Ligand code: PMP
């Protein structure tokens, strides 16, 4: 055959014209840093395995029952009986997966249902579901601001926002974190004609601080920019209907696009964008991360629908979440820990540590005592900070919170973080 002839013609050992370079050489500094950390005898903060999950607030890690204070399970929906029942039913009716893109064979009954639940939850005319929140940001941001247009974003924006900017063709302008003045100044320097998108977050997930959206949106509108707000960390417990910080600050008719996720308060996985824009539906044809990936499994979207509909009436849960957050923030502050915000602004309570070694030693101490929190480090954190990040759940009991604070006290004293 022709192919056989070609194969015969190939020399047994083709001559090389350049030495083979190991593309992993560039990772050497990171590999050495990780090894040094593990050699110091601590557990790998980025290698935790949940061997069993007993509830939204308790899991088994290395055979030990551990309180979870580092998940985004804000509303504790992962074990809600209705959420689980909806998922099981969808498994039985539709099977385990969709085997395709939303744009082809991957749109099932439950994808339509979850988009309707989102329209109802947000009181908006348009909702598009993506396979993750990361992909929602990637797809929407890269698609709506194009060549010759501008994206103006907060310097502390989430990686998915930065990646959405990198994937698109718009000009990127950053402004100082939460600085209304800097946003105004930078918008003022741009040419008037081209389209502009200002990208903000309701809650910033590293420090748990909220954005002065009211002032920021006013500045954006003054300069003729459209506004997208990522409300990943606020769904269910900010604003009269739990829509987010933008609702809490009465900006419902001024925000053009809201991005959200199912992986936090909703308790499953998935991402979405909601909007009142009359031409919103066209995004299904221009967002590559919507088109070129498989849609969410039916059980996931059915669970999400049940959860979103319950979150509309979750007044007791949200009251408990805020009470827990106040208890934790107040307790840690009183012990003398350094916190980024004076008062609890969101359900994320971060503790600032001097360096990676102290952060990981203290994290290890907490884990040994039966408490899981997140270690956060650059590049995820702003200003090179090392953080122990707690995210509170509505299902934490006041007793668990008291125990958590006592654990922080013991680990803080053992590591010399507090006197
Ligand atoms: N936006 C923000 C602000 C986030 O913090 C995250 C996840 N931590 C995402 C988007 C991505 O969400 P998902 O987990 O659904 O990909």
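The values are calculated or read from the model by the stated rules, or taken from the named source; none is laboratory data. Quick caveat: nothing in here was measured; it's all calculated off a predicted structure. As a convention, Cβ positions derive from the backbone with ideal geometry for all residues, glycine included, and neighbour counts pool all protein chains shown.
Could you list, in sequence order, the residues of the stretch 103-127 that are in a loop (DSSP other than H, G, I, E, B) and in contact with a strand residue (DSSP E or B) (Cβ under 8 Å, 6 or more places away or on another chain)?
Residues satisfying the conditions are 106, 124, 125.
Pairs, please: C-beta under 9 Å, at least 6 apart or cross-chain, first residue assigned by TED's automatic domain parsing to the domain that holds residue 249 and in the stretch 204-233, second at pLDDT below 95 and in a helix (DSSP H, G or I)?
204/382; 206/382; 207/382
Could you give me the residue pairs with C-beta distances under 9 Å whose first residue belongs to the stretch 260-273 and is under 9 Å from residue 304 (Cα atoms) and touching a residue at least 60 places away in the same chain (Cβ under 8 Å), whose second residue is within 7 Å of the ligand (Cβ to nearest atom) and not in a loop (DSSP other than H, G, I, E, B) wherever it lies, and which are 6+ apart or on separate chains?
Here the result reads 262/133; 262/271; 269/133; 269/261; 270/133; 270/261, each pair linking the stretch 260-273 to a residue that is within 7 Å of the ligand (Cβ to nearest atom) and not in a loop (DSSP other than H, G, I, E, B).
Out of all the residues in the stretch 60-94, which are in a helix (DSSP H, G or I), under 20 Å from the mean Cα position of the chain (by Cα) and buried (at least 21 other Cβ atoms within 10 Å of the Cβ)?
77
Within 26 Å of residue 158 (Cα to Cα) and away from the ligand (no atom under 16 Å from the Cβ): is that true of residue 87 in this structure?
So residue 87 fails the test.
Give just the number: which of (1) under 19 Å from residue 412 (Cβ atoms); (2) in the same structural domain as residue 110 (by TED's automatic domain parsing) does residue 307 not satisfy?
Residue 307 satisfies every listed condition except (1).
Regarding the stretch 158-177, can at least one residue be identified that is within 16 Å of the ligand (Cβ to nearest atom), under 23 Å from residue 298 (Cα atoms) and touching a residue at least 24 places away in the same chain (Cβ under 8 Å)?
no
If I ask for residues that are outside any loop (DSSP other than H, G, I, E, B) and either touching a strand residue (DSSP E or B) at 6+ places or on another chain (Cβ under 6 Å) or crowded, with 16+ Cβ neighbours inside 10 Å (or both), which ones from the stretch 331-351 would you list?
331, 332, 333, 335, 348, 349, 350, 351
Give the residue, chosen from 174, 186, that is in contact with a strand residue (DSSP E or B) (Cβ under 8 Å, 6 or more places away or on another chain), in a helix (DSSP H, G or I) and in the same structural domain as residue 293 (by TED's automatic domain parsing).
186
Regarding the stretch 196-207, can at least one residue be identified that is more than 16 Å from the ligand (Cβ to nearest atom), at pLDDT 95 or above and surrounded by fewer than 21 Cβ atoms within 10 Å (Cβ to Cβ)?
No, the stretch 196-207 contains no residue that is more than 16 Å from the ligand (Cβ to nearest atom), at pLDDT 95 or above and surrounded by fewer than 21 Cβ atoms within 10 Å (Cβ to Cβ).
So which residues in the stretch 117-139 are closer than 19 Å to residue 200 by Cβ and away from the ligand (no atom under 11 Å from the Cβ)?
Those that are closer than 19 Å to residue 200 by Cβ and away from the ligand (no atom under 11 Å from the Cβ): 122, 124, 139.
Quick check: anything in the stretch 373-381 within 20 Å of residue 335 (Cβ to Cβ), assigned to a loop (DSSP other than H, G, I, E, B) and in contact with a strand residue (DSSP E or B) (Cβ under 8 Å, 6 or more places away or on another chain)?
yes
If the requirement is being closer than 30 Å to residue 396 by Cα and in contact (Cβ under 8 Å) with a residue 12 or more places away in the chain, which of these qualifies: 103, 86?
That would be 86, the only listed residue that is closer than 30 Å to residue 396 by Cα and in contact (Cβ under 8 Å) with a residue 12 or more places away in the chain.
Please determine, by comparing only the residues of the stretch 136-158 that are in contact with a helix residue (DSSP H, G or I) (Cβ under 8 Å, 6 or more places away or on another chain) and surrounded by fewer than 22 Cβ atoms within 10 Å (Cβ to Cβ), which one is nearest to residue 253 (Cα to Cα).
Across the stretch 136-158, the extreme among qualifying residues is 143.
(1) within 16 Å of the ligand (Cβ to nearest atom); (2) more than 24 Å from residue 287 (Cβ to Cβ): which one isn't true of residue 191, the others all being true?
Failed condition: (1).
So which residues in the stretch 37-59 are assigned to a helix (DSSP H, G or I) and surrounded by fewer than 11 Cβ atoms within 10 Å (Cβ to Cβ)?
39
Return yes or no: is residue 224 buried (at least 24 other Cβ atoms within 10 Å of the Cβ), away from the ligand (no atom under 11 Å from the Cβ) and farther than 21 Å from residue 102 by Cβ?
So residue 224 fails the test.
Results for (1) surrounded by fewer than 17 Cβ atoms within 10 Å (Cβ to Cβ); (2) away from the ligand (no atom under 16 Å from the Cβ); (3) under 14 Å from residue 121 (Cβ atoms); (4) not assigned by TED's automatic domain parsing to the domain that holds residue 222, shown as yes or no for each residue.
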| residue | (1), (2), (3), (4) |
| --- | --- |
| 242 | no, yes, yes, no |
| 246 | no, no, yes, no |
| 256 | no, yes, no, no |
| 261 | no, no, yes, no |
| 265 | no, no, yes, no |
| 270 | no, no, yes, no |
| 275 | no, yes, yes, no |
| 281 | yes, yes, no, no |
